[in-house]
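Below is one structure, written out as structure tokens; the observations come after it.
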């Protein structure tokens, strides 16, 4: 909010007194009129244009609902949108009814290299998209937390609806079940990693993995008919490999490798928050709307059922009853 500018923060809420004191100490010079509260109910009695929800993972939905009921028009919420698909659908109905603008902080959408890569795909500069591979790891490779970023990213790049999922949770989590059992995001051992293949409408395939036993970095491959975009610890590059359409030997030429050069400079939450405000005032969807964040929760739901059933599972579309 400080980076975006033009925002005056009037209220902050936390159940921990030391957190409220630290916030006031750090930000009072910029926002001297901040009032701190120890409950959301008290804070939401004030007229607020925008609220940022940064509670533990399993409390996002409750806080979003309270903000909507209080008439807040703009909500910037941490991911995941919810930890339950039925809850996500109920919230979407309430968002529609209230006419609010809700952005979910799937931060990777606003990275300049991702914005540029998606533009290359949308413009067809490398030909039709065929598959997206995202590998992540480390202690924070958690399905509902860090891994939700990369499920969303695969959906965002694919630009189409996920239809089915096949996959499983990391070793030792076969009996995890279908209900979120984490503690809100603090203990990684209560939120397992996973690997999955996602089938998208139109035939694109997404391969997403986040395993705690893998390196704590991220490798992204966006593959098209005429080349690929690679984003990994070595940097971001475009590898063009044009070919003729006859498929004969020798029809594939040598690759051309160039650095990916983003045209955008704003990234992360600064870009997301600025987009939320602009989209609300212009009456357009935000670049990370709750409706698309719902698809990430639907994929996680399908993944948990695939892990249980050892089978390919359909992703439940909105307004359809959940499979047992």
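Values in this text are rule-based calculations from the coordinates and carry no lab data. None of these values were measured; they are calculated from a predicted model.
Kindly provide the helix-only [θ] at 222 nm of the chain, computed as the sum of -39,500 (n - 2.57) over DSSP H runs of four or more divided by all residues, to the nearest 500 deg cm²/dmol? Please list the in-between numbers first.
On the way: 8 runs with 99 residues, N = 324.
For the chain, the value works out to -9500 deg cm²/dmol.
Pairs of Cα atoms nearer than 8 Å and 6+ residues apart set the relative contact order; for the chain it is 21 percent. When DSSP beta bridges are restricted to pairs lying wholly in the stretch 76-227, around 70% turn out antiparallel.
Could you check what % of the DSSP bridge pairs in the chain are antiparallel, to the nearest 5?
On the way: 39 of 57 bridges.
Counting DSSP beta bridges with both partners in the chain, the antiparallel share is about 70 percent.
Relative contact order for the stretch 1-115: 19 percent, from Cα pairs under 8 Å spaced at least 6 residues apart, divided by residue count.
Is the shape of the stretch 175-290 rounded, prolate or oblate, going by the alpha carbon gyration tensor and its root eigenvalues a ≥ b ≥ c, with a/c under 1.5 for rounded and a/b larger than b/c for prolate? The shape class here is oblate.
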